[in-house]
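Shown next, in structure tokens, is the structure this report addresses.
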Amino acid sequence: MSAVESKTDRAPLISIRDLKVHFDLGGGGVLDKLLGGKPEKRVVKAVDGVSLDIYHRETLGLVGESGCGKSTLGRAILRLTEPTSGQVIYRDRDLAHLSERQLREERRHLQIIFQDPYASLNPRMTIGQIVGEPLETFRLARGREAEERVQELLETVGLSKRFIKRYPHEFSGGQRQRIGIARALAVDPDFIVADEPISALDVSIQAQIMNLLEKLRREKHLTYLFISHDLRAIRHVSDRVAVMYLGRLVEIADAKTIYHEPLMPYTKALISAVPVPDPQIEATRQRIVLEGDVPSPINPPSGCPFHTRCPYAIDVCKEVVPQLVQIKPSHFAACIRISPSQPNIEDVAPGDAPGLESGVGQVR
């Protein structure tokens, strides 16, 4: 059973199917031109065939190392970055193939909270203008009604309505992010991409913003895609967690499951890097340190994209592309060295690839 075919009582709000985002860098470099050789086409495969369901009223955490394609995936869902191919189904409409006019009709239901609270607010606009702009754009309120709505939104995110005439430079980073959240809430969206919303904030403020997002999710029945490289934040806010590596999803499971029973070596390495708030445990625990650097998305390795850094890789891993399939109930992984009958990679015999027999991989 694939990750997009799992059975659940909940209907997905967003269904992503084989989504790809490739950036064409053109021909070869200066050296190719000087030597007179034929320049090779270079393509950055930022997102390379992602399929995923995001369910109503859940927070799906998306985690991975910097440069793995997390933010590009979030922006491609909203068409802020144009997908190369694939589908993004929302309310039986494929967002990836809508015209500009049709997409505009869906925009108010799909919003984003940006990573940088300093760069995402126009410094020449007052807070009232920034938060009220979506109301005017979608013709939801005007005049006194719009002003009252903006004041209500500011109070909803924990800011005084007296701030309505102030400018962004008069606020701290945490306050600016609250303004960004108020702007996203202005049109009563169903789905919000939170693109690393706490990474630019002080640690003391991060918990406040996460608690605010969780409170709003419950009260307004929101659905989040919460993108972060901070596994502590992901664990705090997420119902499910999707792990991304080099443009592909490698593991999906409930948040508690993925932290206590990870299947993929990459996921285990990420979790082992999270500090433990106990000096004695922290001093004695053994971290999993991955060797080498993340391969370039311009020239990704053949077969499993993780095989160049995986301590359990065998020769066939260089040839077979693992598919994301269900290994345990509601727990999906992409590795040919594990299978539903042998889920623990440490217990698999050297050289064995039980996943090949159960259809986990395909030769490419």
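The values are calculated or read from the model by the stated rules, or taken from the named source; none is laboratory data. Here the structure is a predicted model, which is why all the values come from computation and not from measurement. For neighbour counting, all protein chains shown are included, and Cβ atoms are generated from backbone atoms with ideal geometry for every residue, glycine included. Surface accessibility is based on the protein's heavy atoms, side chains included, excluding ligands, DNA and RNA. Shrake-Rupley method; radii C 1.70, N 1.55, O 1.52, S 1.80 Å.
Points to keep in mind about this one:
- Cα gyration tensor category, rounded, prolate or oblate, for the stretch 283-343 with a/c compared to 1.5: oblate
- Proximity of backbone amide H atoms, modeled 1.01 Å from N, is registered between Leu19 and Gly49, Val50, Ser51, Gln87 at under 5 Å, excluding neighbours fewer than 5 places apart on the same chain.
- The chain, relative contact order in percent, only Cα pairs under 8 angstrom and at least six apart counted: 17
- Between the stretch 312-327 and the stretch 123-169, the alpha-carbon center distance in angstrom: 51
- 3J(HN,Hα) along the stretch 171-187, derived from phi through the Karplus expression 6.51 cos²θ - 1.76 cosθ + 1.60 where θ = phi - 60°, amounts to 10, 7, x, x, 5, 5, 5, 5, 5, x, 5, 4, 4, 5, 7, 4, 9 Hz, with x in place of Gly and Pro.
- Normalised by the number of residues in the stretch 49-144, the average gap of Cα pairs under 8 Å and 6 or more apart makes the relative contact order 12 percent.
- For the stretch 112-175, the relative contact order is 43 percent, taking Cα pairs closer than 8 Å that sit 6 or more residues apart in sequence and dividing their mean separation by the residue count.
- Evaluating 6.51 cos²θ - 1.76 cosθ + 1.60 at θ = phi - 60° for every residue in the stretch 106-116, the Karplus couplings come out as 8, 4, 5, 8, 10, 10, 9, 10, 7, 5, 9 Hz, glycine and proline recorded as x.
- The residues of the chain expose, per residue, 50 Å² of accessible area to a 1.4 Å probe.
- Between Ser204, Ser238, Ser296, the residue with the greatest mean-square fluctuation in the GNM of the chain (Cα pairs under 10 Å linked by springs) is Ser204.
- As a fraction of the 1.4 Å probe accessible area of the chain, surface on carbon and sulfur atoms comes out at 47 percent.
- Extension gain from Gln129 to Asp24, taking 0.36 nm per residue of separation minus the Cα-Cα distance: 34.1 nm
- Model label sites at His221 and Glu155, defined 7 Å from Cα along the beta-carbon direction, differ in position by 2.4 nm.
- Bridge type composition, the chain - antiparallel percent by DSSP, nearest 5: 65
- Global form of the stretch 211-305, assessed from the alpha-carbon gyration tensor, a/c cut-off 1.5: oblate
- For the chain, calculated [θ]222 nm from helices alone, where every DSSP H run of n ≥ 4 adds -39500 (n - 2.57): -8500 deg cm²/dmol
- For Ile298 and Ile89, the FRET efficiency from 1/(1 + (r/R0)^6), where r spans their Cβ atoms and R0 equals 30 Å, is about 0.50.
- Helix axis angle, 127-137 relative to the chain longest principal axis, alpha carbon, degrees: 80
- Figure legend: label point modelled 7 angstrom from the Cα of Arg139 along Cα→Cβ; no residues of the stretch 180-198 have amide N under 12 Å from it.
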